[in-house]
Every structure is written in C-alpha cells, then in structure tokens.
1. Can you tell me how many residues within the stretch 3-31 are modelled with pLDDT under 85, among the aliphatic types (A, V, I, L, M) and surrounded by 10 or more Cβ atoms within 10 Å (Cβ to Cβ)?
2. If you check every pair at least six apart or on different chains, which have Cβ atoms under 8 Å apart with a residue in the stretch 42-55 that is touching a residue at least 12 places away in the same chain (Cβ under 8 Å) and surrounded by fewer than 10 Cβ atoms within 10 Å (Cβ to Cβ) first and a residue that is part of a helix (DSSP H, G or I) and of a type outside the set (A, V, I, L, M) second?
Amino acid sequence: MQNMTMMEMQEEGSNLAAAVDTLDKEVKHEKAKVDRCARSSLNRGTKIMQKRYLKQYMDKWAEVNNSYKN
C-alpha cells in the first residue's frame, strides 16, 4: 500500500514539474513580447526626439545664415 502511494506521489510530482515547465515557457514567451514592445516604443520615442532636435538645429542654422546674408 505504501509503495502505491509513493508511486502516486512520484507521478503527481512529475505532472507538476511538467506543468511548471509549461508555465515557465509561457511566462518567458510573454516576457519576450513585452520586452520587444517596450524596446520598440523606446526606439520610436528616440527617433522622434532625434528628428525634433535636428529640426531645431536646422532652423537655428537657417537663421544664422539668413542673418549673415542680410
């Protein structure tokens, strides 16, 4: 009788281990999706700021050139 319960416990333990592995894979997959999303948002924001700064410096450069021409 004790061997039977030990075998049942081992089987239950292996089932739980498999379930944990499956959940671990799902969590890693979801984390990777979130990381990509955050990285994409950061890259997009960085590009917007780069364009904004470039436009500001180009406008300043145009003002300086116009002041020298006049």
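The values are calculated or read from the model by the stated rules, or taken from the named source; none is laboratory data. Here the structure is a predicted model, which is why all the values come from computation and not from measurement. Don't worry about glycine lacking a Cβ; one is built from the backbone with ideal geometry, like all the others, and counts go over all protein chains shown.
1. Going through the stretch 3-31 one residue at a time, the tally reaches 3.
2. none
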